[in-house]
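Where a number appears in this text, it was derived from the coordinates with a stated rule and is not lab data. What you are looking at is a predicted structure, and each value in this text was computed from that prediction instead of being measured. Backbone-built Cβ (ideal geometry, glycine too); neighbour counts: all protein chains shown.
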Amino acid sequence: MATPETYLLAIGTKKGLWLATSQDRRQWSFSGPHFLMSEIPSIGIDTRDGRTRIMVGVRSEHWGPTVAHSDDLGATWTEPEQGAIKFPEGTDAAVERIWQIHPDAESRPGVVWAGAEPISVWKSTDGGEHFELNRGLWDHPHRSEWGAGYGGAAAHSIVVNPSGDNVHVAMSTGGVYRSLDGGTSWEPRNRGISAYFMPDPNPEFGQCVHKIAADAAVEGRLYAQNHHGVYRTDDNAESWQSIAEGLPADFGFVMLTHPRRAGTAWVVPLKADGERIPPEGKLAVHRTDDAGGTWKRLDAGLPQSEFNAVLRDAAAVDAAEPVGVYFGTRGGAVYASADEGETFAEVASHLPDVLCVRAAVVVDAAVVTDAAVASPA
């Protein structure tokens, strides 16, 4: 019987999707692989309106990219016949990859945002079944100058404030753009974020921001993990300040924030862009509880010899108390913490390259397990 304390963990990989449920965030029952041999770079779990909808960005080498959704925790999947995300005629573009799926606030049920490659932002008003292109960003005069990061041209972070008027998007490469009118118009907001690899290291735009996340309890405060650099803004991205002091490295991809508490965020440092491994080959998560003033190394339960990276969306938090922290590596291992990162346990291993991890507290958790993968670990 499902209870409010049922937890859902979704793991997107290079070769499919795995789903897991747990009553205690220690023992997990798995199903999958779903979409075997398709890349799953993005996942959104929508728990609004008393249901659980899982949305996944699927990229097939044969059929191309789309968004599929399930309302029964993976037992069945639905995809619009003409595709969920498709560039309108006249844009002379085709979707390459869906990098981000972001359900909006409880007060806006049915609204789901998506970020894609080529760099573009999309909005759905029917729960992620059909998306419309955000023309304000697509037609922006800077777009021709945005470049592709090492993994591709990604609109990978979408942050919407409670009112819905204030929207931030981060892209690789291009930096952070902000809209104050719900997405109609956009302006770059990167002052203070370094682009050391460019002739002008402090340009208006062009930064390779790897991930941004909002502080849930302080309006106008966001955090950014950059291509070398960790930053915070307290003025709605008008300016950014470094908060990297105390970290073993300022490179990485992950930026997570607490769903309720001010000043709490998690990063997973990597040595450098030229050596994308944990510093000294020792995997650790770092947490701040004072908005980046200080950082605490968290590695209990993690391997002390690890040379695989953690990608930008291969990490997530849930909304439980205490908050759960989850992440997966490019080596196919997935770790879970039920105590905000103080201790971790490996919950899956030998999966394909982990691209995306999402977690949620759900009610309707009658997930069907497959005996062959009931314990990937």
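Just to verify a number: FRET efficiency for ARG261 and GLU238, C-beta to C-beta distance, R0 = 22 Å, to 0.05?
Values: r = 24 Å, r/R0 = 1.09.
So the FRET efficiency works out to roughly 0.35.
Relative contact order for the chain using alpha-carbon pairs under 8 Å, separation at least 6, rounded to a whole percent?
With pairs under 8 Å counted, the relative contact order is 15 percent.
So what is the calculated 222 nm ellipticity per residue for the chain, using -39500 (n - 2.57) for each DSSP H run with n of 4 or more, over all residues, to the nearest 500 deg cm²/dmol?
Dividing the helical sum by the residues of the chain leaves 0 deg cm²/dmol.
If the chain between ARG191 and GLU342 were fully stretched, how many nm would it gain, using 0.36 nm times the residue separation less the Cα-Cα distance? Working shown, then result.
Working: separation 151, 0.36 × 151 = 54.36 nm, distance 3.39 nm.
Extra length available between ARG191 and GLU342 comes to 51.0 nm.
Which far-off residues, 5 or more places away or on another chain, put their amide H under 5 Å from the one on GLN100, with H placed in the peptide plane?
Residues meeting the amide H criterion: GLY115.
Could you tell me which residue out of GLN23, THR125, ALA75 lies farthest along the dipole of segment 6-372 toward its positive end? Charges go on the beta carbon: Lys and Arg +1, Asp and Glu -1, centred on the Cα centre.
Projecting each Cα onto the dipole axis, the largest value belongs to GLN23.
Sort TYR196, TYR177, TYR7 by Cβ crowding within 10 Å, fewest neighbours at the top.
Details: TYR196 12, TYR177 27, TYR7 24.
Listing TYR196, TYR177, TYR7 from fewest to most nearby Cβ atoms yields TYR196, TYR7, TYR177.
For the chain, set up a Gaussian network in which alpha carbons nearer than 10 Å are linked by springs, and say which option among ALA213, ALA319, ALA265 fluctuates the most.
ALA319
Calculate the length of the line joining the C-alpha centroid of segment 73-99 to that of segment 2-68, in whole Å.
So the separation of the two Cα centres works out to 17 Å.
Label points 7 Å out from Cα along the Cβ direction at ARG26 and ASN161: separation in nm?
That separation, rounded to one decimal, is 4.2 nm.
Give me TRP63, TRP113 sorted ascending by neighbouring Cβ count inside 10 Å, so fewest comes first.
On the way: TRP63 11, TRP113 24.
Least to most surrounded, the residues fall as TRP63, TRP113.
Using a/c under 1.5 as the rounded threshold, could you call segment 190-280 rounded, prolate or oblate? The axes a ≥ b ≥ c are square roots of the C-alpha gyration tensor eigenvalues, and prolate needs a/b larger than b/c, oblate otherwise.
On the way: a/c = 2.37, a/b = 1.17, b/c = 2.03.
Oblate.
For the chain: lysine pairs with Cα atoms under 18 Å, gap of 8 or more or different chains, count? Can you show the working numbers first?
Details: LYS86/LYS123; LYS211/LYS271; LYS271/LYS282; LYS271/LYS296; LYS282/LYS296.
Lysine pairs satisfying the spacing and distance rule in the chain number 5.
Quick one: 3J(HN,Hα) in Hz for segment 271-288, Karplus 6.51/-1.76/1.60 with θ = phi - 60°, rounded, Gly and Pro as x.
4, 5, 5, x, 9, 7, 9, x, x, 6, x, 10, 6, 7, 9, 10, 10, 10
Roughly how big is segment 162-290's charge dipole about its Cα centre, with Cβ charges of +1 (Lys, Arg) and -1 (Asp, Glu), in debye to the nearest 20? Write out the running numbers ahead of the final one.
Working: 12 positive and 17 negative charges, 90 e Å.
The dipole of segment 162-290 has a size of about 440 debye.
Could you tell me the distance between the Cα centroids of segment 307-335 and segment 190-228, to the nearest Å?
When both Cα centres are located, 22 Å separates them.
Shape call for segment 228-370 from the C-alpha gyration tensor, a ≥ b ≥ c root eigenvalues: rounded (a/c under 1.5), prolate (a/b greater than b/c) or oblate?
Cα axes put segment 228-370 in the oblate bin.
How do TRP295, TRP240 rank when sorted from fewest to most other Cβ atoms within 10 Å of their own Cβ?
Listing TRP295, TRP240 from fewest to most nearby Cβ atoms yields TRP295, TRP240.
Does segment 6-372 classify as rounded, prolate or oblate by the C-alpha gyration tensor (a ≥ b ≥ c root eigenvalues; a/c under 1.5 gives rounded; else a/b over b/c gives prolate, otherwise oblate)?
Details: a/c = 1.42, a/b = 1.06, b/c = 1.35.
Because its axes are fairly even, with a/c under 1.5, segment 6-372 counts as rounded.
Just to be sure I understand the model, the point goes 7 Å from the Cα along the line to the Cβ. What's the resulting ASP290 to TRP63 distance in nm?
That separation, rounded to one decimal, is 5.2 nm.
Between GLU321 and GLU280, what length in nm is gained on full extension when 0.36 nm per residue of separation is reduced by their alpha carbon distance?
On the way: separation 41, 0.36 × 41 = 14.76 nm, distance 3.26 nm.
My answer for the length gained is 11.5 nm.
Magnitude of the Cβ-charge dipole of segment 6-372, K/R +1 and D/E -1, about the Cα centre, nearest 20 debye?
Numbers: 31 positive and 49 negative charges, 108 e Å.
I would put it at about 520 debye.
Roughly what would the spin-label model give for ALA217 and ALA148, points 7 Å off Cα along C-beta, in nm?
4.3
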